[in-house]
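K.L.:
What follows is a structure written as structure tokens; I'll ask about it next.
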Amino acid sequence: MMIYLLLIILLILLAVQLYITAAKYRSVRAGSKYSVEFQPLLDAGEYVKAKDMVEKYIVSVKTPNAELLYLKGYVDYHMGDIKNAVETLRTAVKLDGTHVLARYTYAYIMAHNFDNKPVAVRQLKKIVRQYPSFIPAYITLGTVYHNMKKYEKAIAVLSRAVKFENVTPAVFNNLGTVYAKVGKNKRAAEMFVKAQESDPKGVDAYLNLGNLYSIIQDYASAKKSFIAALEIEPGNKFARYWLGCVYTIERQFDNAIQQLEESLNIDPGFALPYLQLAVVYTKLGNDEKRQSYYNKAIMLDPKLEEHK
């Protein structure tokens with residue numbers, strides 16, 4: 001059950017990571033006459049002020065403006081108004097098919113919020129043709145192909161992105177993820193190491209590499225990777241959880257309990273450490289604590305009941 005849980009949670013984290021990294025890009029086009037006013041508001045997350053400002057601009061202009069519609073759609077999305085965001089962004093793309101950020105944000109929402117993969121793929125492919133060095137499009141397209149289980153296409157898309165000078169650690173991380181998915185563990189490890197070299201303070205690559213080592217049952221190396229991640233980010237609940245899993249496998253139960261409890265101190269609503277603590281106390285023969293932690297895990301995430 002231990003290795004199975006590591007595999008399951010690897011996939012859960014990577015899905016989150018793929019979307020988070022894909023969402024990071026400058027929100028106002030370089031050179032836009034609105035960038036001086038809007039970019040500071042968007043960077044600060046002051047979406048209410050930004051929405052009020054953009055709506056005033058829209059009213060004041062005489063003709064529809066793709067840049068303003070894009071900004072409105074962007075702000076609507078971040079304020080949780082997904083339906084209006086999609087409609088506004090679609091209109092912006094129709095007005096100006098070269099507006100890369102409008103098209104990208106529209107594609108991202110279709111993939112992430114509506115699970116409309118065919119539309120997302122069409123839009124993202126247009127972007128990489130129009131703007132070959134726009135890295136977020138490769139990352140998100142690779143993510144969509146990954147989620148469609150079209151792993152070779154994901155590898156092909158992400159491999160194109162690594163050739164650009166502005167390649168980001170997310171490209172290496174995501175490419176390594178897909179390689180691991182298809183069992184090309186050596187190539188996966190190479191990509192995660194490149195991500196580390198690209199951003200030595202980026203915790204994702206250390207977590208990914210630790211998970212990869214866990215999959216191939218090289219637990220000593222996995223432990224080193226998770227410890228390295230914690231040196232960068234001591235409050236990373238996933239690193240502490242996975243390190244606790246490795247300590248359990250190595251039968252270092254005191255260390256396992258410490259790391260799992262630390263994970264819960266960071267996020268008391270994180271169900272998996274409770275389940276792993278149930279595993280630890282099963283091995284220690286403490287049925288009372290095993291049942292208590294198991295019940296807490298199931299209460300937080302009923303889907304974990306299958307791992308009883």
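Each value in this text was obtained by applying a stated rule to the coordinates, not by laboratory testing. Because the structure is a prediction, the values reported are computed rather than measured. Methodologically, a virtual Cβ is constructed for each residue, glycine included, from the backbone with ideal geometry; neighbour enumeration extends over all protein chains shown.
K.L.:
Which GluC sites (Glu not before Pro) does region 245-302 hold that lie in a coil by DSSP with at most 14 other beta carbons within 10 Å? Intermediate results must be reported in sequence, preceding the final value.
P.N.:
Numbers: sites: Glu250, Glu261, Glu262, Glu288; in loops: Glu250.
Filter output for region 245-302: Glu250.
K.L.:
For region 167-182, just list the computed ³J(HN,Hα) in residue order, Karplus coefficients 6.51, -1.76 and 1.60, θ = phi - 60°, integers in Hz, with x standing in for Gly and Pro.
P.N.:
4, 10, x, 4, 5, 5, 4, 5, 5, x, 4, 5, 4, 5, 4, 9
K.L.:
Amide H of Ser32: which non-local residues (sequence gap of 5 or more, or other chain) have their own amide H closer than 5 Å, using H built in the peptide plane?
P.N.:
none
K.L.:
Something else: Report the residues of region 107-140 in range of a label on Ser35: point 7 Å along Cα→C-beta, backbone N strictly under 18 Å from it.
P.N.:
Of the residues in region 107-140, 131-136 have backbone N under 18 Å from the label point off Ser35.
K.L.:
Then there's this: Rounded, prolate or oblate: which one fits region 64-133, using the alpha carbon gyration tensor with axes a ≥ b ≥ c (rounded when a/c is under 1.5, else prolate when a/b beats b/c, else oblate)? Kindly include the intermediate steps, with their values, before the conclusion.
P.N.:
Details: a/c = 2.01, a/b = 1.15, b/c = 1.75.
Oblate.
K.L.:
What FRET efficiency would be calculated for the residue pair Phe114, Glu46, taking the C-beta separation as r and a Förster radius of 25 Å, to the nearest 0.05?
P.N.:
Working: r = 27 Å, r/R0 = 1.07.
After rounding, the FRET efficiency stands at 0.40.
K.L.:
With 28 Å as the limit, write out which pairs from Lys33/Lys94; Lys33/Lys126; Lys62/Lys94; Lys223/Lys283; Lys56/Lys125; Lys126/Lys303 have Cα-Cα distances beyond it, or answer none. The partial results should precede the final answer.
P.N.:
Values: Lys33/Lys94 21 Å; Lys33/Lys126 25 Å; Lys62/Lys94 18 Å; Lys223/Lys283 20 Å; Lys56/Lys125 34 Å; Lys126/Lys303 39 Å.
The pairs that break the limit, which is 28 Å between Cα atoms, are Lys56/Lys125; Lys126/Lys303.
K.L.:
Given Gly244, Phe226, Leu212, which one lies farthest toward the positive end of the charge dipole of region 205-277, if we put +1 on the Cβ of every Lys and Arg and -1 on the Cβ of every Asp and Glu?
P.N.:
Leu212
K.L.:
On to the next question. At a Cα cut-off below 19 Å, give the aspartates and glutamates reachable from Lys201, other chains included and same-chain residues fewer than 8 away excluded.
P.N.:
Correct list for Lys201: Glu190, Glu231, Glu233.
K.L.:
Now, a different point. Say R0 is 35 Å: what FRET efficiency, to the nearest 0.05, do Lys184 and Glu250 get from their beta-carbon distance?
P.N.:
On the way: r = 27 Å, r/R0 = 0.77.
Result of the calculation: an efficiency of 0.85.
K.L.:
Which one of Val178, Val61, Val75 has the biggest mean-square fluctuation once the chain is modelled by GNM with Cα springs under 10 Å?
P.N.:
Result for the chain, Cα springs under 10 Å: Val61 fluctuates most.
K.L.:
From the alpha carbon gyration tensor of region 153-220, can you work out the equivalent ellipsoid semi-axes (sqrt of 5 times each eigenvalue) and give them in Å, largest to smallest? Please list the in-between numbers first.
P.N.:
Numbers: eigenvalues 75, 44, 10 Å².
Semi-axes from the Cα gyration tensor: 19, 15, 7 Å.
K.L.:
If you compute Cα Rg over 2.2 N^0.38 Å for the structure shown, which of [x] 1.21; [y] 1.25; [z] 1.13 do you land on?
P.N.:
[z]
K.L.:
Within straight cross-link reach of Lys83, meaning Cα distance under 15 Å, which aspartates and glutamates are found once same-chain residues fewer than 8 apart are removed?
P.N.:
Partners within reach: Asp115.
K.L.:
Further, regarding this structure: Calculate one ³J(HN,Hα) per residue across region 248-256 by plugging θ = phi - 60° into the Karplus curve 6.51 cos²θ - 1.76 cosθ + 1.60, and present them in order as whole Hz with x for glycine and proline.
P.N.:
Couplings: 5, 4, 7, 6, 8, 5, 4, 5, 4 Hz.
K.L.:
Shifting gears a bit: Show me, for region 271-278, the HN-Hα J-couplings you get by feeding each phi into the Karplus relation (A = 6.51, B = -1.76, C = 1.60, θ = phi - 60°), rounded to Hz, glycine and proline as x.
P.N.:
Values per residue, Gly and Pro as x: 6, 4, x, 4, 5, 5, 5, 4 Hz.
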